[in-house]
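The structure appears below as structure tokens.
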Amino acid sequence: MTEPDYTQSAEDHQCLLVVVKPLGSISKSNFSCVFNKISSVEQATLQDSHRATWIRYKQYYPPENNDWGDFQAHRRVVGLIAVAEARGTQELALIFESFDGLRGEYGTCLYNWRMFVFGLTGEVVEQNRTDVDFVGDYERLDGLTRTVEEFTSSLFIVLESKRLDRASEKAGDKMPLLCVPFEKKDFVGLDTDSRNYRKRCQGRMRKHVGDLNLQAGLLHEALVNYHIAVETLRSINDFLWLAAALEGLCVASVVSHYGTTCMTTKARHQGASTQAEREQRSRTGTQEVLIDPGSLTTNGIGGDPSLEIGRAKNCLSPDDIVEKYREAISFYAKYRQAAVIELEACIKAVRVLALQKKRSEAADFLQNAIYIHVDVTEDERIQRYSVLSELYERIGFRRKAAFFKRISAMQCVRAALPEPGWKACYELLLDTLQGYNISLDNPQSSTESHHGWPAVQLRILHELVYSAQRMGNPALSVHHLTFLLHSMLDFLSEQEKKEVSQTLERYAASCRGHSTTLEIRESLKVQPIALSKLPIVRSMKLINLPPNLRPVKLKSGDGLSTPISSSSPFIYSPIVVQQRREQRANQIDFQWVQGDVCEVQLMVYNPMPFELRVENMGLLTSGVEFESLPAALSLPAESGLYPVTLVGVPKIPGPITIAGYHTEVFGIPSRCMLQNLPHCKVMCSTVEVVPALPLTQLTTSLPRCSGLIAPSTLGDVCCNAVVRLFNGETQEVSVQLENIGKQPVESVELEVTYNHQQGDSGTCGMTWDTQELQKLIPMQPGSLVDLTLSIHANFDFSNTDGSLADTQDEMSTAPGTPFSSPARRVTRPHKEYHTPGGTPPEQNGRLGPSPLKIQEAVLLVHYTGGPGATAGYSRRLSLSILIEVEPSVVFTNLTAVPATSSQRCHLVIDVQNQMEHEVQLQSIHNDDLLLRPHENKRMAAQLHRLNGSTDGTGSPRGLQRAEAEAVCRQLGLRWLILSNGRKGEASVARVVSPAVLEQLRLAPLQWDVEVGGLTCIGEELVSTGVGKPLAVTIRLTNGTAVPAGPFCLELRPFLDFHNGLQDCALKSVAVFLGSNSSHLPQIQPAGVATFHCSCLFLFPGDFLLDIQFQDGTGQFPASWLCLPTVHVHVSEQPA
Amino acid sequence: MFNVATGGRRRRAFCTMAVCVAVITKENYPLYISNVPAANELKFHYTVHTSLDVVEEKLSAVGKTTSDLRELYLGLLYPTEDYKVYPLMCETHPPSTPPPPPIPIFVGDGMVFRSCPRAHAFESRYGYVANTKVKFVIVIDSSNTSFRDNEIRSMFRKLHTAYTDVMCNPFYTPGDPIQSKTFDDVISSMMQVC
């Protein structure tokens, strides 16, 4: 007994063993066909009995195992079927001979034998042998089945007779001692008459009868016999046979509990089946359910209920089965020669326990089976581990199963073997993968969180790669190695990473161009692995086109400014906000243009400790046609995040989605899809491609800017220039627009925006001739257009912004206002130096030279054409111009002085030349003024008063500005640099303070002074004679919106000596007819108050008539109450 | 045959030696594994890995009966471990093709069979499962010594405490391999003498 049968199960105990052998020149396939037909007959029945026996067919059975037939009846070969093919009678004779030899081999214990001979059909064969059947050909196998059925029935009959023989033997009869082969010599010369010996004989015989009963389908009898055998043998310590009896007891109980699990499925194929069989089958259909012995009642095999109860009594409970098996195996273990029996018993027990779902006990039995030492051949060793693995699998110990499967695989390629079976090794290794949590066809599962035990997974993958390589399937080994590198990357040491990648590179070089699905076996197809970790892509971002290439949606009816439709009635709702956010995340707010190179930026990371060469890296897209332009890159070892730009050209307008990228690393092409890269941040991957647009280029005659400007201030700027001007100067700049694209430019629009970061202090203007521009389009590809831009600098001409405003405010009220109240003068004592005729303020000196003023302007060129224009897109070119403005002349001080006429006014301007050049200042009504560098000069200009009214519409500020502009126009100041001829304007608009403007305005309180019938505005000379009354009429019209007054009015003549002295004591020189003073009552708006009196001069001379006026309320500025002084010439002669 | 599982309780006051300590996550991958003869690391990987089968089996069996009051200590998983998993270089075969790189293949062979009985059985694996399903496996070198269950229990308790300390570290990300000097110290103290 040397060769264990690993396929045995407990149910095999009730089977009759039939060996089926091929003889002669029968082909393998034919034989297996016939064998299948034969083995479909699983049960044998007797005509008059409800019982059935099971048949087990084997193609190979070592004859020495037959010797154990007494020990366990199912080990004995009781039937022999030979299948032969003969082509002639001569061959037939040889076949007969070998058949007889075969019969002799299996000894005398054969119940029956039969031979089927194929091939001899037409010939008349002499039928001198009953044990030979001549079957015509392989098509007619139905007759064969019937013959086999007859044959098995005959076996059953012999069995039945044997059983009855044994059963009829009385206890007193002399019984033969049954023994196993190795015992035979032990019993030589033993006292056969001793009680012990007799008991031994009895016990063993009981056990044998039990076996026969079991085979004959008499479960109850079998159980009883086994029980007796156990009792008998236990008393005499016949451990080997006691173990066998115990095992028999277990087997009978198992059969009783679970039926014949493995055979019922096959029994379906059987044609004829008795009622009893049907019953049995229906009972065993519930095989998986653990059947309580007590519940087995009426539906049992026997019709006799008492038999049923008896069986239930003798039958072991499921727990007892385990215990008895355990005991039996421990007894077997006492005999080294019974190792195979023990091993088989263990395996059978494990199968039973697996059925009972007692996994840990099953593991114990399996563990024991591992220890049992059996001398086996190499093939059997492999089989042994495979079976162990399968059994572990069955009890759910998949790690153990994988372990043994792997050992079995390793056995296939042991160094001792002359011809290692790499193919078998590979197949077995593949089976282990499940146990190690590796799924070859789904590599993505390992990217999230790692499953399984890295160290052992790594090992098994290495082995798989190696065996695939040795098997001669490099494509598979490349796949597995790629899988290893991809899924185990985190667990490889640096050295291993290096080695694996070098190996992979070499393997891949040997098998180029596999990127298709590999079919390892029918159930296992593997996709090519995408090496998405080499390099790791952390983020992917679609890049907008550069500003000059970006398409801009032309303004149309539906504004893009309202992306959210009125789907929700709520102004704000968190849900809407959330949706909007999602929407925003999913859509890209820019477009790509057909035919232009578009970019996608990837942040990649090389996890390898060496330089990684990535070749043929390009984009994978879906949507419209896209031409990807692959790139090759080399990433340094352990690089940080490394930006990589992949480019491509969309060929057709429409939506395009970046689905992933493809790479080639170590010669392995991979296609990495974004959806499989959970660690890759992708904002959004779909972008709209708009139809082709023209492309132009802008150049200027100006020098380029060195990049001082922050580009973000006015959006994207693609071109810049710098220009330097004196304040007030105008310069013309030439701009060239060239069509460098493939589409004609059909429309061009210019627009300029300014960067008002310096507040209100001034701007620069840019103007161009639109008419001229329109004449130049359309521009064909390659054509060039010249434009002229004129840039005008118009900054503040005041000295500085802050300090001057304050002083101006003070200045404007003080100087030249003779009617200011003395009280105000007292509060501003520092105003003294501003008195008319004083020197220019010294404060200019300490301010130093004014810095450059900088203005940034952006010229936007919108142009479109071609198919893009019809789709409503245009392109924008922007030219950023940095205008540096140097100060030219500044107005340090501006004072309004009332002229003699109340309609006019003098403007006194202190002007400073801040240039390094001699400059000529021109104005309309005055002479030119020559200013040397940094020279201060004062100039005066007479102006008409402004007749703006305060009740005008518009903001007061706007009004002031308009008035200031009007002042500038009246002045018409221009400067001219004499040395180089550069010229420009000088505007006082921003220098004029509100207070000055106030003085320049015509007062709303209208005074009409009439002296001697002459309306006096100022400067008039009234002539009269001595002693002649001079009528003075003063009429006050209230032009304001509020009631004015009351006022005090006084006429006072005086003499001016023109030396600063005035003589007011003229009471004896001039007399008044009527009162020389008056109190004017309050005047309603638009009301008029009139004052009459007459003055009589007693002496000739030049007198001045001062009309003094006091405002009781102080509600009006002093300048409004400024009345002219009347110059009266009194002659000797009455006129 | 089954006496090792239940027997072997000869009271001797010898020290227990752990030869391998492993911490395994709920998802059954190792957080920490340390063994004393550092050379044969792979063997212990296999040892601990296969013993997870028993741990899972025991856990599922427990889960059916009691609800929450589970004994953390699982007791003996396997009485002995019995495989000598030694490396066998495949280069021993004269390769017909150009020689592939030396990838060591480990072949399980030379099992300790019954003919060389229990004296050779020198390792026992014990299991312990925390409430978070984190598993601890200790392989005990039990040659010539016997040990009490209590000793094993206290070892596990010590291990559990050390593991808890590791988890309390705010800089430790759960699920990462344990790299802690303190933990290493605790383990090495268990590996030497108890």
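The values are calculated or read from the model by the stated rules, or taken from the named source; none is laboratory data. Predicted model only: the values in this text are computed from it and were never measured. Heads up, the Cβs are rebuilt from the backbone with ideal geometry, glycines too, and the neighbour counts pull from every protein chain shown.
The residue pairs whose first member lies in the stretch A:56-84 and is assigned to a strand (DSSP E or B), whose second member is among the small types (Gly, Ala, Ser), and whose beta carbons are closer than 7 Å, counting only pairs six or more residues apart or on different chains, are A:57/A:39; A:84/A:24. Summed over the stretch A:594-624, the residues that are under 23 Å from the mean Cα position of the chain (by Cα) and of a type in the set (D, E, K, R) give a count of 1. Please tell me if residue A:1099 is under 19 Å from residue A:1021 (Cα atoms), at pLDDT 80 or above and assigned to a loop (DSSP other than H, G, I, E, B). Answer is yes for this residue.
For the stretch A:353-360, the condition of being of a type outside the set (S, T, N, Q), touching a residue at least 60 places away in the same chain (Cβ under 8 Å) and touching a Ser or Thr at 6+ places or on another chain (Cβ under 8 Å) holds for at least one residue.
Note on the stretch A:399-410: among residues that are touching an Asp or Glu at 6+ places or on another chain (Cβ under 7 Å) and at the interface with chain B (Cβ under 10 Å from one of its Cβ atoms), the one that is nearest to residue A:62 (Cα to Cα) is A:401.
For the stretch A:63-83, a residue qualifies if it is out of contact with any Phe, Trp or Tyr (no Cβ under 7 Å at 6 or more places or on another chain) and small (Gly, Ala, Ser), and the qualifying residues are A:69, A:73.
Looking across the stretch A:352-368, the residues that are more than 10 Å from chain B (Cβ to nearest Cβ) and buried (at least 23 other Cβ atoms within 10 Å of the Cβ) come down to A:352, A:353, A:366. Taking the conditions exactly as written (of a type in the set (A, V, I, L, M), within 11 Å of chain B (Cβ to nearest Cβ) and under 30 Å from residue A:67 (Cβ atoms)), does residue A:321 satisfy them or not? Answer is no for this residue.
For every residue, the table says whether it meets (1) surrounded by fewer than 18 Cβ atoms within 10 Å (Cβ to Cβ); (2) free of Cβ contacts under 8 Å to residues at least 12 places away in the same chain; (3) assigned to a helix (DSSP H, G or I).
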{"site": "A:140", "(1), (2), (3)": "yes, yes, no"}
{"site": "A:145", "(1), (2), (3)": "yes, no, yes"}
{"site": "A:151", "(1), (2), (3)": "no, no, yes"}
{"site": "A:163", "(1), (2), (3)": "no, no, yes"}
{"site": "A:178", "(1), (2), (3)": "yes, no, no"}
{"site": "A:200", "(1), (2), (3)": "no, no, yes"}
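As a summary of the residue check, residue B:108 satisfies the conditions (1) at pLDDT below 55; (2) more than 9 Å from every other protein chain (Cβ to nearest Cβ); (3) surrounded by 13 or more Cβ atoms within 10 Å (Cβ to Cβ) except for the one numbered (2). Assessment of the stretch A:372-391 against the conditions (without any contact (Cβ under 8 Å) to a residue 12 or more places away in the chain, within 12 Å of another protein chain (Cβ to nearest Cβ), closer than 29 Å to residue A:426 by Cβ and of a type outside the set (Lys, Arg)) yields no matching residue.
Across the stretch A:85-108, the qualifying residues are those that are in a helix (DSSP H, G or I) and either among the acidic types (Asp, Glu) or touching a helix residue (DSSP H, G or I) at 6+ places or on another chain (Cβ under 7 Å) (or both), and the one among them that is farthest from residue A:15 (Cα to Cα) is A:91. Residue check: is residue A:20 of a type in the set (A, V, I, L, M) and surrounded by 23 or more Cβ atoms within 10 Å (Cβ to Cβ)? No. When you scan the stretch A:737-753, do you find a residue that is loosely packed, with under 15 Cβ neighbours inside 10 Å, more than 27 Å from residue A:986 (Cα to Cα) and modelled with pLDDT under 80, even just one? No, the conditions are met nowhere in the stretch A:737-753. Just to be sure, is residue A:890 surrounded by 22 or more Cβ atoms within 10 Å (Cβ to Cβ), modelled with pLDDT under 80 and not in a strand (DSSP E or B)? So residue A:890 does not fit the description; no.
Being at pLDDT 80 or above, more than 12 Å from residue A:922 (Cβ to Cβ) and touching a strand residue (DSSP E or B) at 6+ places or on another chain (Cβ under 9 Å) is the requirement here; does residue A:982 meet it? Yes; evaluated as a whole, the condition is true for this residue. Can you name every residue in the stretch A:324-351 that is among the polar types (S, T, N, Q) and away from every other protein chain (no Cβ under 12 Å)? The one that is among the polar types (S, T, N, Q) and away from every other protein chain (no Cβ under 12 Å): A:337. Among the helices (runs of 4 or more DSSP H) confined to the stretch A:217-326, the ones with at least 3 residues that are at pLDDT 85 or above and over 22 Å from residue A:350 (Cβ atoms) are located at A:219-235.
Let's see how each residue does on (1) modelled with pLDDT under 85; (2) within 22 Å of residue A:323 (Cα to Cα); (3) part of a loop (DSSP other than H, G, I, E, B):
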position: A:346; (1), (2), (3): no, yes, no
position: A:351; (1), (2), (3): no, yes, no
position: A:364; (1), (2), (3): yes, yes, no
position: A:368; (1), (2), (3): yes, yes, no
position: A:381; (1), (2), (3): yes, no, no
position: A:400; (1), (2), (3): yes, no, no
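If you go through the stretch A:462-503 and pick out every residue that is among the charged types (D, E, K, R), within 12 Å of chain B (Cβ to nearest Cβ) and more than 25 Å from residue A:412 (Cα to Cα), you end up with 4. Going through (1) more than 30 Å from residue A:116 (Cβ to Cβ); (2) modelled with pLDDT of 85 or more one by one, residue A:189 falls short only on (2).
The set of residues in the stretch B:36-47 that are within 8 Å of chain A (Cβ to nearest Cβ) and aliphatic (A, V, I, L, M) contains only B:42.
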